[in-house]
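What follows is a short report on a single structure.
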């Protein structure tokens, strides 16, 4: 099972750091028609693009806040004008959700307005992919507590053959007991700072990457009929 379209175009949000930056490096060679990286962190985005060892001929970086609907309109116009299509997308919800701390030492809790940002992102991407005769596929990373958003996007995309699925990194209690995270707690002083450090270090996620990327590849493949599904890789908090 593979992503075997002719010259497909891929977009990745939250691509300045963490798992999405690692995904950009992992899937760059498959995006033969072009790779579009999106993040509000312009400097980090450029660094992530430069870190891709075997980039496709065309790589674009779009630095904007994905909560901005006007910027999504501009992004859609840019992609249509410069690439003509969009086939695959990886949406990192850690960049789409607003983080607030409950109290010192607590892990990040996601606010509900992050779900609205995710829905906005999925609508924009589904709109782009819906123009393709083959449709498209979107994989959302770490869509914690937003099953209805995934279900709605999958139903909306079904009419134009756009599939929307999610991959989560397990559950928090398992992940919090991992030696890697415990080491970071000792170094950083509390869970909140340890978590912020972890998501900026793609190499720290290497122990989970193989399974996660395998699932992403399978869900993006045109051979995969699934939509509205959430697959879980045990061992990590949903990033």
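Observations on the structure shown:
- Order of 88, 83 under a 10 Å beta carbon neighbour criterion, fewest first: 83, 88
- The residues 185, 90, when put in order of fewest to most other Cβ atoms within 10 Å, stand as 185, 90.
- Taking other Cβ atoms within 10 Å as a rough exposure proxy, 26, 196 sort from fewest to most as 196, 26.
Where a number appears in this text, it was derived from the coordinates with a stated rule and is not lab data. Bear in mind that the values here come from a model prediction, so they are computed numbers and not experimental data. As a convention, Cβ positions derive from the backbone with ideal geometry for all residues, glycine included, and neighbour counts pool all protein chains shown.
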